[in-house]
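K.L.:
Pasting a structure below so you can have a look.
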Amino acid sequence: MNPFQFTRVTTPKAAISAITKERGTYFLAGGTNLIDLMKREVIIPERLVDINKLPLATIEKTATGLRIGATAKNSTVADNELVKKHFPLLSQALNAGASAQLRNMATVGGNMMQRTRCPYFYDTSMPCNKRSPVQAGVDKGQANGPSGCGAIGGHNRMHAIFGASGKCIAVHPSDMCIALVALDATVNVSGPKGDRTIPFIDFHRLPGDLPQKDNTLQPGELIMWVDLPTNRFADNSHYLKVRDRASYAFALVSVGVGLDIKRNTIQDVRLAMGGVAHKPWRLTAAEEFLKGKPATEANFKQAAALAMQGAKGYGENDFKLTLAPNTIVNALKTATKTA
Ligand code: SF4
């Protein structure tokens, strides 16, 4: 690991100032992904700014729902009584992620900022457009190496079936973010140009021609908190994660679902999928189809078929074209207690 400077800050203003001042500066929260990236020299920071002392670890009720601070630990959020009661989908998704030890360290903001687990991204001897973008001078602080995409035409069992580009077919690895997209969360960020609110669905981005950019944060911006609006989904929600082993594995496919049901008719529904795209993948066509319909397996199958329109496999991950719709149907059956 290369030497780096270390600074600890106690106010958001100091954090933003520190990261804006010098290139190659990264925020350090739980460090559960960043330190791995540094050890493997995928990222070579000049300076780390420890933000764990910022007053952003609270979980509090607001007039419109719940506010979760960016440095709240994943395990704290998952175990919070308000989260479990009103947003069980979020609690389930968090508990499906990583291991208990990692959840005790990882933060909400860090979870959002974690990088893909594409193996080519972590191997600096392999081509990867995300780690080593072609454009000179972009993303200084990232290791050099050959450019291209090792996964296209290579090992791509874990990779995307939606929204990929000719430059990158990686997937976003978070479970928590699938729940937050399904629950219509918003993200509050603060930066050198002021504060702004980003719909969670717009926080992460598709790879396009800039696969090195995972999200829509501007330089120097700090994630402050996530707001969850009140909903009627608590009684009928479920996070279903399909993975290679029962613990500590990233999703092959996951589905987060929340429904508002009255007399077996779906009044409202939210659906999002993980393990299938460079960002949490919201299933809006399936949602629209299900609204006003009875909660039946036949309707769930039709919704799943709609959700799969435009899906494309890359060889080793072709099995996801079958696994994904089956997972949608099973998640809906469990959430509606029709399984
Ligand atoms: Fe790199 Fe993306 Fe290709 Fe993986 S899929 S090798 S992260 S460019």
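The values are calculated or read from the model by the stated rules, or taken from the named source; none is laboratory data. Keep in mind that what you see is a predicted model, and the values were worked out from it rather than measured. Using ideal geometry, Cβ is built from the backbone for each residue, glycine included, and neighbour counts are taken over all protein chains shown. Accessible surface is based on the protein model in full, side chains and every heavy atom, while ligands, DNA and RNA are left aside. Shrake-Rupley method; radii C 1.70, N 1.55, O 1.52, S 1.80 Å.
K.L.:
What list of ³J(HN,Hα) values in whole Hz, one per residue of segment 265-272 in order, does the Karplus curve 6.51 cos²θ - 1.76 cosθ + 1.60 (θ = phi - 60°) give from phi, with Gly and Pro shown as x?
P.N.:
Once θ is set to phi - 60°, the couplings for segment 265-272 become 10, 7, 7, 7, 8, 10, 9, 9 Hz.
K.L.:
Springs between alpha-carbon pairs under 10 angstrom, Gaussian network model over the chain: which of 90, 180, 37 fluctuates most?
P.N.:
Most flexible of the set in this elastic network: 37.
K.L.:
Whole-Hz ³J(HN,Hα) for each residue in segment 95-111, computed from phi via Karplus 6.51 cos²θ - 1.76 cosθ + 1.60 with θ = phi - 60°, x for glycine and proline: what do you get?
P.N.:
Using θ = phi - 60°, the values come out as 6, 7, x, 6, 10, 4, 4, 5, 5, 6, 9, 5, 10, 4, x, x, 4 Hz.
K.L.:
Same structure again: Please enumerate, by chain and number, the aspartates and glutamates with C-alpha under 18 Å from the C-alpha of residue 84, excluding those fewer than 8 residues away in the same chain.
P.N.:
60, 175, 184, 227, 235, 260
K.L.:
Calculate how steeply helix 320-335 sits against the longest principal axis of the alpha-carbon atoms of the chain, using the helix alpha-carbon long axis, and give the answer as 0 to 90 degrees to the nearest 10.
P.N.:
60
K.L.:
Further question: May I ask for the angle, rounded to the nearest 10°, between helix 297-307 and the longest principal axis of the chain, with both axes built from Cα atoms and the value confined to 0 to 90°?
P.N.:
The angle comes out at about 30 degrees.
K.L.:
By per-residue mean of other Cβ atoms within 10 Å, what is the highest-first order of 65-77, 9-21? Can you show the working numbers first?
P.N.:
Working: 65-77: 22.4, 9-21: 16.8.
Output ranking for 65-77, 9-21: 65-77, 9-21.
K.L.:
Which peptide among 160-168, 186-194 comes first, and what is the full order, when sorted by highest mean count of other Cβ atoms within 10 Å?
P.N.:
160-168, 186-194
K.L.:
If you place +1 on the Cβ of every Lys and Arg, -1 on the Cβ of every Asp and Glu, and leave all else neutral, what size is the dipole of the chain about its Cα centre, to the nearest 20 Debye?
P.N.:
160
K.L.:
Does the chain come out rounded, prolate or oblate by the C-alpha gyration tensor, with a ≥ b ≥ c the root eigenvalues, rounded set by a/c under 1.5 and, if not, prolate when a/b is larger than b/c and oblate if not? Before the final figure, lay out the partial values.
P.N.:
Numbers: a/c = 2.06, a/b = 1.29, b/c = 1.59.
The shape class here is oblate.
K.L.:
Another question, then. With unit charges on the beta carbon (Lys/Arg positive, Asp/Glu negative), name the residue among 283, 171, 62 whose Cα is farthest towards the positive pole of the charge dipole of the chain.
P.N.:
Toward the positive end, the furthest listed residue is 62.
K.L.:
Just the number please: accessible area per residue for the chain, 1.4 Å probe, all protein chains included, in Å². Could the numbers behind the result be given before it?
P.N.:
On the way: 14690 Å² over 339 residues.
That works out to 43 Å² for each residue.
K.L.:
If you take every residue apart from residue 231 with its C-beta less than 11 Å away from the C-beta of residue 231, what net charge results, scoring Lys and Arg +1 and Asp and Glu -1?
P.N.:
Details: positive: 232, 270; negative: 184, 235, 260, 268.
Local charge sum for residue 231: -2.
K.L.:
Sticking with this structure for a sec: Note the angle between two axes, namely the Cα long axis of helix 12-21 and the longest principal axis of the Cα atoms of the chain, as a number of degrees from 0 to 90, rounded to the nearest 10.
P.N.:
Once rounded, the angle reads 60 degrees.
K.L.:
Please turn the phi angles of segment 211-216 into ³J(HN,Hα) values with the Karplus equation 6.51 cos²θ - 1.76 cosθ + 1.60 (θ = phi - 60°), one per residue in order, whole Hz, x for glycine and proline.
P.N.:
Once rounded to whole Hz, the list reads x, 5, 9, 7, 8, 9.
K.L.:
Can I ask one more? Straight-line reach only, C-alpha to C-alpha below 23 angstrom: list the lysines that residue 21 could link to, leaving out same-chain residues fewer than 8 apart.
P.N.:
Cα-Cα hits under 23 Å: 13, 53, 140, 193, 213.
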